[in-house]
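Worksheet: the structure to be examined is printed underneath.
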Amino acid sequence: MARPRYFFLIDVFIFALTLAMVSSFSCPKTCESEIKLCLYLKQVAGTPDQSNQATIISPPTSLFGTMIVTDWTIIDGPAANAKVIGYAQGIHVLSDQARVAWYISLNLVFQADR
């Protein structure tokens, strides 16, 4: 059963009133600032002593369900001598049976000097 037209008009009125109240709010000092950064994740796969990720679960029959833990390096440029500013630590899981699709969850841990 559809709602009567006047309910729609009441919804629009309440939305407009809420928007007017929010837009009239003023902050006594600057409330926000914008920071633009261009950062890079450095993923190194290979031998266990050089890699910054490890496969935890590797199903025997298919790639689906593969789980990898990561400790990728966050650097400030694409060059080999870029400065390390932190780490991306977390997991990623191959979560789609039909195609390659990864679920990724990371914590960004920045070093104290930056």
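The values are calculated or read from the model by the stated rules, or taken from the named source; none is laboratory data. Note that this is a predicted model, so its numbers are computed, not measured. Using ideal geometry, Cβ is built from the backbone for each residue, glycine included, and neighbour counts are taken over all protein chains shown.
Worth a mention:
Table: residues versus (1) of a type in the set (K, R); (2) at pLDDT below 85; (3) surrounded by 11 or more Cβ atoms within 10 Å (Cβ to Cβ).
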site	(1), (2), (3)
C31	no, yes, no
Q43	no, yes, yes
G46	no, yes, no
Q50	no, yes, no
F64	no, no, yes
P78	no, no, no
N81	no, no, no
A88	no, no, yes
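- Positions within region 63-114 being assigned to a loop (DSSP other than H, G, I, E, B) and among the hydroxyl-bearing types (S, T, Y), in sequence order: T66, S95
- Per-region count, region 95-107, residues at pLDDT 90 or above and surrounded by 13 or more Cβ atoms within 10 Å (Cβ to Cβ): 1
- Single residue of region 51-62 satisfying the filter (outside any loop (DSSP other than H, G, I, E, B) and more than 19 Å from the chain's Cα centre (by Cα)) that is nearest to L108 (Cα to Cα): A54
- The residue pairs whose first member lies in region 79-104 and is farther than 19 Å from S58 by Cβ, whose second member is part of a strand (DSSP E or B) and among the aromatic types (F, W, Y), and whose beta carbons are closer than 9 Å, counting only pairs six or more residues apart or on different chains, are A82/Y40; I85/F110; G86/F110; Y87/W72; Y87/F110; A88/W72; Q89/W72.
- Scan of region 59-89 for residues that are of a type in the set (G, A, S) and under 12 Å from Q43 (Cβ atoms), ordered by number: A88
- Residue check for P48: touching a strand residue (DSSP E or B) at 6+ places or on another chain (Cβ under 8 Å) and in a loop (DSSP other than H, G, I, E, B): yes
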